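The values are calculated or read from the model by the stated rules, or taken from the named source; none is laboratory data. Predicted model, so just to flag it, every value in this text is computed and none were measured. Heads up, the Cβs are rebuilt from the backbone with ideal geometry, glycines too, and the neighbour counts pull from every protein chain shown. These area figures cover heavy atoms from the full protein model, side chains too; ligands, DNA and RNA do not enter into them. Shrake-Rupley method; radii C 1.70, N 1.55, O 1.52, S 1.80 Å.
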Amino acid sequence: MAEMELIKETGDVELLSFRISEQEYSLDIMSVREIRSWTKATPLPHSPSYVRGVINLRGTVLPIIDLSARLGLEKSEQSERDVIIVVHMFDQTVGLLVDAVIDILAVPHNEMQQPPEIGTDTGPAFVNALTLVEGRMIRLLDLASIMPRTEGKAA
Amino acid sequence: MTSTDPMAEIRASFFIECEELLESLQDGLEALGSGDSDPETINIVFRAVHSIKGGAGAFGLDQLVEFAHSYETVLDGVRSGETEITPDLMRLLFQSGDILSDLVRLSRDDEPIEKSLTEATYAALKEVAGSSDEEEPEADIDFQPMGLAFDFADLAEEKNAFIITFKPEAELFTSGNEPLHLFRTLAELGNITVTCDASALPIIEDMDIAQGYLSWTLRLETDAEKTAVQEVFEFVEGLCDLKIEDDIDLPALPDLAPLEPVAETVSEAIVPLSATAPSAPAEAKTAAAPKPTVRVDLERVDRLVNLVGELVINQAMLSQSISDTGIPGSSEIATGLEEFMRLTRDIQDSVMMIRAQPIKSLFQRMSRIVRESSAAIGKDVKFVTEGENTEIDKTVIERLSDPLTHMIRNAVDHGLESNADRVAAGKPEQGIVKLSAIHRSGRVIIEISDDGAGINRPKVQQIAIEKGLIAKDTQLSDAETDNLLFAAGFSTATEVSNLSGRGVGMDVVRSAIQSLGGRISIASTPGSGTTFTISLPLTLAVMDGMVINVADQAMVVPLNSIAETLALTQNDIEQLGPNKHLVRNRDTFVPLLDLGVELGYRHALPSYEGAVVLLISQEDGSRAALVVDTIQDQRQVVIKGLEESYGRVPGVAAATILGDGQIALILDPTDIISNASLGAAPDDAPFAIAG
Amino acid sequence: MSLSVLAVDDSRTMRDMISIALKQAGIEPTLAEDGEHGLEVLADMTPPDVIITDINMPKLDGFGFIDAVRKQNKHQGIPILVLTTESAETLKARARQAGATGWIVKPFDPVKLVRALKMVAG
C-alpha cells in the first residue's frame with residue numbers, strides 16, 4: 001500500500017509491457033509477481049480454450065491463461081521463447097502466457113487515456129486505458145476481466 | 001510471543017482444556033457406571049467439573065458456572081458417600097455431563113444458551129443436592145476482567161482515619177503470616193504510622209519463634225473504607241487480637257514512630273532464627289510429571305505438512321533424474337538415495353503424526369448419541385468401544401462425526417430389536433452397540449456393530465423394488481441385498497424416525513466416507529447382528545494412486561476406487577446402441593467409459609479390443625470400466641488442491657506433482673461416472689447393484 | 001517488587017491466569033501441575049517467597065501438599081496461599097489447619113491476587 005501512495009504522489013504508473021500477437025499491452029507492475037519461461041502445462045479437462053492448463057510453480061498449482069486466446073487475438077505460433085507473467089490479484093495467482101516481455105515503463109498518470117468507445121462492441125472491456133510511449137500505443141490490461149471465472153471460485 | 005490479547009488467548013486455551021476435562025469426565029463417569037469404586041475415579045469426575053467451573057467463572061460464563069456448581073455439589077455428595085450411586089443417579093450424571101459439554105461449546109462459540117437446555121437437568125441436580133447444598137458460596141462471584149492497571153495506591157485526599165490495634169497470636173506466625181507484610185499492605189491504602197509495644201518481648205535466648213510477644217498500634221489515614229482495611233487482615237482473622245476503630249482526630253499523632261525502623265527491628269529479630277533451621281532433605285521424587293506438551297498453531301503444522309510434501313516430491317524428482325542417467329542401482333548414489341527416500345518417508349510419517357489425534361473424543365460423542373437415542377425409544381443399550389487411542393488425522397476425525405452419528409443412531413434405532421423382541425429371541429434384554437478402531441496396513445479401520453436381528457433382507461428387497469432400484473424379479477445375493485442400503489434413494493421417509501434425523505440415508509454416509517478417501521462395507525448375519533466397516537486413510541495429505549496415461553497426459557486415479565485392471569478382449573466387449581459399450585465382467589455388465597473422451601482429450605477409439613481398463617467400483621454402487629492408454633505404476637502422491645488456485649474442474653478431485661515436476665491431475669471417478677456422456681449414472685440401478 | 005512465586009494448579013487455564021496476573025506485576029511464577037509435581041519443583045528451586053496452590057488436584061491435593069511443605073523445615077515459614085472456588089468458612093478453616101497462610105477465592109481478580117501476595121510476602 002505504501003508504494004501505491006508513492007505512485008500517486010509522483011504521478012507515475014509503472015507498467016510492464018509485453019507483446020501478444022504483434023500488439024503491445026501492459027500491466028500495472030504492482031500486480032506482477034514474477035516472470036518465468038514457458039514450461040509445458042497440464043491441460044484441464046472441460047476448461048475454456050484460453051486456459052492452457054496448470055504448471056508447477058515451486059510446489060503450487062498455477063493456472064495458465066493464454067492471453068492471445070483470452071483477448072480473441074489470432075493465436076501466434078507457440079514457441080519456446082514464450083514467457084509466463086505471474087500475476088496476483090483478488091487473492092488469486094495466475095500465469096499469463098505472452099509472446100515476449102518488452103520493457104518496464106513509467107507513465108505519468110495524466111498521460112493515461114480512456115479507450116474510446118467503439119460502436120456496438122459488446123465484448124468484455126479488457127483494456128482499461130491507453131497511452132503513447134515513444135510513439136507506440138500501449139494498452140493497459142484490466143486484470144479483473146481477464147481472471148478466469150470458474151465454479152467454486154466465487155470466494 | 002504474539003501481540004494478541006492475553007485474555008483471548010487464555011480463553012481459547014481454557015476451552016481446549018475444557019475438551020480435555022470433558023473427556024476425563026466422560027471416562028470417569030463410564031468407569032463409575034461400570035461399578036468402579038476407586039475413590040480416585042469420583043475425584044477425577046469431581047475435579048473435571050470443578051476446574052470447568054473455576055475457569056468459567058473467570059470468564060464470566062455465569063450459566064456455565066451455575067450449572068457446573070450444582071453438578072459439582074451432587075458429585076461432592078457422591079464423593080463423600082452421602083449420595084448413593086443408583087442407576088437413576090448415573091443417568092443424571094451422564095446427562096449433566098452432556099449438558100455441561102453443550103454449555104461449554106455454546107459458551108465457546110458465543111452462542112445464546114436457551115434456558116430449556118439446562119432447566120430440567122438443573123432442577124434434577126438441585127433436587128438430588130437438596131439439603132446437602134447448604135452453602136451458597138457462589139453468590140459472591142465477583143468477576144473482574146483482567147488487563148486492569150495495577151495501581152494500588154491511590155493517595156488522593158484521604159478522608160478516613162483508623163486506629164488499629166493488633167496483637168498476633170503464635171498461630172499467626174506458624175501460618176506463615178507476617179505482620180510486617182500486613183503493615184506494608186496497609187501502607188498502600190494511605191498514610192500509616194506504626195507503634196510497636198515490645199514490652200512483652202523476652203530476652204533473645206528465651207524467645208520462642210512460635211510465640212507472639214509484640215503488639216502494635218497503627219494509625220491509618222486513607223480514602224479507603226473500613227471494609228478495605230478489614231480485608232487486609234482477612235488471613236489473620238482469628239489468629240490475633242484485632243481492633244479497627246475510626247479515629248476522629250485527623251492530624252497524625254505526634255508521638256508515633258515511623259514504620260520502617262520498627263519493622264526492621266522486628267524482622268531482624270525473627271528472620272535469623274528461622275534461617276538457621278536445618279533444611280529438610282528434599283522429598284523423594286515419586287510419580288513422573290505429566291508428559292510435557294506444546295500447543296502449536298494448526299497453521300504451522302499444515303505448513304510443515306506442505307513442506308514435507310514438497311520434500312517427497314523433490315526426492316522423487318531427484319530419484320527419477322538419477323535413474324535417467326543410467327547409474328546402476330548398486331552405486332553409492334543409488335543406495336544413498338534409497339536412504340534419503342527412507343528418511344523422507346519417516347519425516348513425512350512423523351509430521352503426519354502431529355496432525356493425528358486419538359479418536360477417543362469422537363467415540364465419546366458417540367457414547368452420548370447412544371445414551372440419548374436409546375433413552376428416547378426405551379431400549380436398553382450397552383455401548384462398547386475399543387481402540388479409542390487409535391490416532392487419525394484431526395480433519396478426518398472432525399469429518400467423521402456426522403456419518404458416525406448417523407450410523408450409531410441407525411444401530412440403536414433399527415439395528416437392535418426392542419427389549420421384548422430380544423427376550424423373545426432368547427437374547428439378553430440389553431443390546432450391544434460396539435464401536436472400534438484399529439490401525440491396519442496404513443489405514444484406520446472403524447467398525448460399528450450391533451448384536452441385533454441383522455438386516456431384514458426380504459424387506460430391503462421389497463423396498464428396493466418399491467423404490468424402483470431393482471427389477472421385481474432380480475435375483476440378488478445376500479451381499480448385494482445388504483449393499484442396497486447404500487443405494488441413493490433407498491432411505492425413505494417412513495424409514496426416518498425423529499432420531500435418525502433428517503432423512504439422511506446411508507448413501508450420504510457413504511459419500512462422506514468416500515470424500516475422505518475411505519471405503520465402507522457391510523456384513524450382516526440374521527439373528528446376530530450387523531457390522532459396518534469403514535476403512536480410512538491415515539491422512540488427507542497423501543494418497544495411494546495409480547498413475548496412468550491418457551492422450552499423453554499422466555494422471556492419477558485413487559487406488560481405493562479401483563477394483564481391478566483388465567486388458568479387454570473381443571469377448572469382453574458388448575455393444576449397446578450406436579456408441580455405448582459394455583464390459584462383461586464375471587457375468588455382470590459394466591458401462592465402458594473412454595477416459596480420453598470423458599475428459600475431452602480425444603475422440604473415441606475405433607475399437608476397444610486390447611484396451612486397458614480400470615474397473616472402478618465405488619461404494620455407492622457406481623461401476624464403470626475406464627479406458628486408459630497405459631498404466632505407469634502405483635505410488636503415494638501428495639495431494640495439491642486445485643480448487644483454491646483455479647476452481648472446481650469436473651471429474652478432477654485434486655492435483656499432484658510427479659517426479660518429473662509436471663502436474664498430474666487426480667481424477668474423481670465418481671464424478672466422471674456420474675457426468676458420463678453415456679448417461680450411465682449411478683441411478684442406472686441394475687448395473688449399480690449387480691455384482 | 002519482584003517475588004519468587006511457585007504456583008501449583010492442575011488446571012492449565014488457572015496456571016495461565018495466574019501467570020498473566022503475576023507477570024503484569026513483574027512476577028514470573030514457577031508452575032507445577034499437581035501437589036506431587038509441586039513438591040518436586042520445590043525441591044529443585046531456591047525456596048520461593050510465596051506458594052500459591054489449588055486444593056482439588058490429582059495425585060496429591062492441596063491440603064496434602066501444604067502439609068508436606070510445612071513438614072520440611074526449609075519451607076516452614078513460606079507463606080502459602082490457597083486457591084479455592086469456595087469462600088466457605090469451613091474451607092478456610094481447613095486450609096488454615098493444614099498450614100495455609102491465606103486464600104484466594106476463584107475466580108480471582110488479578111489485583112486481589114497481587115494484593116494477597118503482598119499481604120503475605122511484602
Quiz item: Tell me: how much accessible area in total is hidden between B and C, 1.4 Å probe, Å², nearest 100?
Solution: 5100
Quiz item: Looking only at Cα atoms, what is the convex hull volume of the range B:288-442 per residue, in Å³?
Solution: 208
Self-check item: Approximate shape of the range B:359-537 as ellipsoid semi-axes (Cα gyration tensor, √5λ), whole Å, largest first
Solution: 25, 21, 15
Quiz prompt | Environment charge at B:Leu476 (Cβ cut-off 11 Å; Lys +1, Arg +1, Asp -1, Glu -1) | solution = -3
Self-check item: Probe 1.4 Å - accessible area at A:His88, Å² to nearest ten
Solution: 60
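In Å², nearest 100, what accessible area do chains A and B bury in total when the solvent probe is 1.4 Å? List each step's numbers first, then the result.
Working: alone 9620 and 37040 Å², together 44630 Å².
Separately minus together, A and B give about 2000 Å² buried.
Okay, helix-only estimate at 222 nm for chain C: each DSSP H run of n ≥ 4 adds -39500 (n - 2.57), divide by all residues, round to 500 deg cm²/dmol; what do you get?
Values: 5 runs with 55 residues, N = 122.
When only DSSP H runs of four or more count, the value is -13500 deg cm²/dmol.
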Practice problem: Please report the relative contact order for the range B:6-132, taking Cα pairs under 8 Å with a sequence separation of at least 6, and give it as a percent rounded to a whole number. | Solution: 26
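Which percent of the accessible heavy-atom area of the range B:298-355 goes to carbon and sulfur, probe 1.4 angstrom? Don't skip to the answer; put the middle values down first.
Values: 2200 of 3750 Å².
Of the solvent-accessible surface of the range B:298-355, carbon and sulfur hold 59 percent.
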Quiz item: Put B:Phe383, A:Phe90, B:Phe46 in order of accessible area, largest first, 1.4 Å probe: what do you get?
Solution: A:Phe90, B:Phe383, B:Phe46
Exercise. Might you work out the accessible area of A:Leu73 for me, using a 1.4 Å probe with all protein chains in place, and round it to the nearest 10 Å²?
Key: 40
Quiz prompt | Spherically averaged projected area in nm², based on the convex hull that wraps the Cα atoms of the range B:298-355 | solution = 3.7
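Using only the Cα atoms, work out Rg/Rh for the range B:542-689, with Rh taken as the Kirkwood radius, to two decimals. Working shown, then result.
Numbers: Rg = 14.8 Å, Rh = 15.5 Å.
So for the range B:542-689, dividing Rg by the Kirkwood Rh gives 0.95.
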Quiz item: Most mobile of C:Val50, C:Val41, C:Val69 per a Gaussian network model of chain C (Cα springs, under 10 Å)?
Solution: C:Val41
Exercise. Can you send over the solvent-accessible area of B:Ile672, 1.4 Å probe, protein chains only, in Å² to the nearest 10?
Key: 10
Quiz prompt | Sequence of B:Thr121, A:Thr39 from largest to smallest accessible area, 1.4 Å probe | solution = A:Thr39, B:Thr121
Quiz item: Within a Cβ distance under 11 Å of B:Ile663, other residues only, what is the Lys/Arg minus Asp/Glu net charge?
Solution: +1
Quiz item: Under a Cβ-Cβ cut-off of 13 Å, what is the net charge of the residues other than B:Leu559 that fall near it, where Lys and Arg count +1 and Asp and Glu count -1?
Solution: 0
Quiz item: Looking only at C:Met17, C:Met57, C:Met45, which one moves most when chain C is put into a Gaussian network model with springs between Cα atoms under 10 Å?
Solution: C:Met45
Exercise. Return the residues of the range C:1-16 for which accessible area with all protein chains present is lower than in the chain on its own by 40 Å² or more; set the probe to 1.4 Å and exclude ligands, DNA and RNA.
Key: C:Arg12, C:Thr13, C:Asp16
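Report in % the part of the accessible area of the range B:542-689 that belongs to carbon and sulfur, leaving out ligands and nucleic acids; probe 1.4 Å.
Summing carbon and sulfur atoms, their accessible area is 48 percent of the total for the range B:542-689.
Per residue, how much accessible area does the range B:298-355 show when a 1.4 Å probe rolls over the protein heavy atoms, in square angstrom?
Counting only protein heavy atoms, the per-residue value for the range B:298-355 is 65 Å².
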Exercise. Count, for each residue of C:38-45, the Cβ atoms from other chains sitting within 10 Å of its Cβ, then give me the mean as a whole number.
Key: 3
Quiz item: Regarding the range C:5-121, what whole-number volume in Å³ per residue does the convex hull of its Cα atoms give?
Solution: 87
